[in-house]
Amino acid sequence: MLNLSHIESWVFDLDNTLYPAESGIFSQINARICGYIERELGVSLDEAKRLQEEYFQRYGTALHGLMLHHGADPQAFLNYVHDIDFSSVVAAPSLARAVSQLPGRKFIFTNGVAPYADKLLALLGFQEAFSGIFDIIQANYRPKPDPQTYQRLLKRYNIEPSRSIFFEDIPRNLAPAADLGMTTVWVRNHIHAVGEQTEGQQIDHITDDLVGWIEAVLQQQAPSPDMW
């Protein structure tokens, strides 16, 4: 298990990591992305879905592919795709309590935008637990898993990679963090299944239950009663 005294910075992905994939939040965003491509490029919905998947696989986000190949306006895209219904998001007091109890600084590292992250964190009930949000705008629109973006994150918040840990639901996004010396945790869900763990040794820990994993780390590090 993890040694808490070794970790100074806790870095969390947002979508499908700090809220359950079953909430459908990111499904809404994906639908908005396809709608944007369909409208702006004048293609069929099927072609929009194909381009969205191709650009996601090649570049990390559809936005990056749209900027490279179609000159898309990133701000217009981001405003459109994040205009969603948040009513399915419910407070997560157990996770809020667990994250708040972790020693050191906590950060959000997202391919989304900060206002969207702020809204989600407020609804989840632990916005104040985080020291900063590193979003796609701060990344100069270069999404995870671009290694330069991880370097920007570390520099922006003065994070020592060997004393930090990164939680993420997409396995390939853990590889650049591991290359920098960060401890990595794959928060697994039904969207990114077991078969996607192709990075092998790049993943230090795997969990299907983020709250339970953090609580186990905290409990392991707590002094036992017979020590008092």
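The values are calculated or read from the model by the stated rules, or taken from the named source; none is laboratory data. Keep in mind that what you see is a predicted model, and the values were worked out from it rather than measured. Cβ coordinates were reconstructed from backbone atoms using ideal geometry, including for glycine residues, and neighbour counts include every protein chain displayed. Note: accessible area is taken over every heavy atom of the protein model, side chains too, but ligands, DNA and RNA are not part of it. Shrake-Rupley method; radii C 1.70, N 1.55, O 1.52, S 1.80 Å.
Checking the structure you have, find out if any residue of region 124-144 is open to solvent by less than 30 Å² (accessible area, probe 1.4 Å), of a type in the set (Phe, Trp, Tyr) and farther than 15 Å from VAL11 by Cα. No, region 124-144 has no match at all.
Considered as a group, the residues in region 7-58 that are closer than 30 Å to SER94 by Cα and among the acidic types (Asp, Glu) include one that is most open to solvent (accessible area, probe 1.4 Å), and that residue is GLU22. Among residues of region 136-151 that are within 19 Å of TYR116 (Cα to Cα) and in contact (Cβ under 8 Å) with a residue 40 or more places away in the chain, those with a Cβ under 6 angstrom from a residue that is polar (S, T, N, Q) and open to solvent by 10 Å² or more (accessible area, probe 1.4 Å), sequence gap 6+ or separate chain, pair up as ILE136/ASN111; ARG142/GLN148; PRO143/THR61; PRO143/ASN111; LYS144/ASN111. Give region 90-105 a look and list any residue that's open to solvent by 20 Å² or more (accessible area, probe 1.4 Å) and either touching a Lys or Arg at 6+ places or on another chain (Cβ under 8 Å) or in a loop (DSSP other than H, G, I, E, B) (or both), or say none. If the condition is that a residue be open to solvent by 20 Å² or more (accessible area, probe 1.4 Å) and either touching a Lys or Arg at 6+ places or on another chain (Cβ under 8 Å) or in a loop (DSSP other than H, G, I, E, B) (or both), then VAL90, ALA91, ALA92, PRO103, GLY104 are the ones that fit. When THR110 is tested against the conditions (1) among the polar types (S, T, N, Q); (2) under 30 Å from HIS6 (Cβ atoms); (3) free of Cβ contacts under 8 Å to residues at least 40 places away in the same chain, the lone failure is (3). Beta carbons closer than 6 Å, at least 6 apart along the sequence or on distinct chains, pair a first residue in region 19-33 that is part of a helix (DSSP H, G or I) and at pLDDT below 95 with a second that is open to solvent by less than 60 Å² (accessible area, probe 1.4 Å) and of a type outside the set (Val, Ile, Thr) for ALA21/ASN189; SER23/SER88; PHE26/ASP15; PHE26/ASN16.
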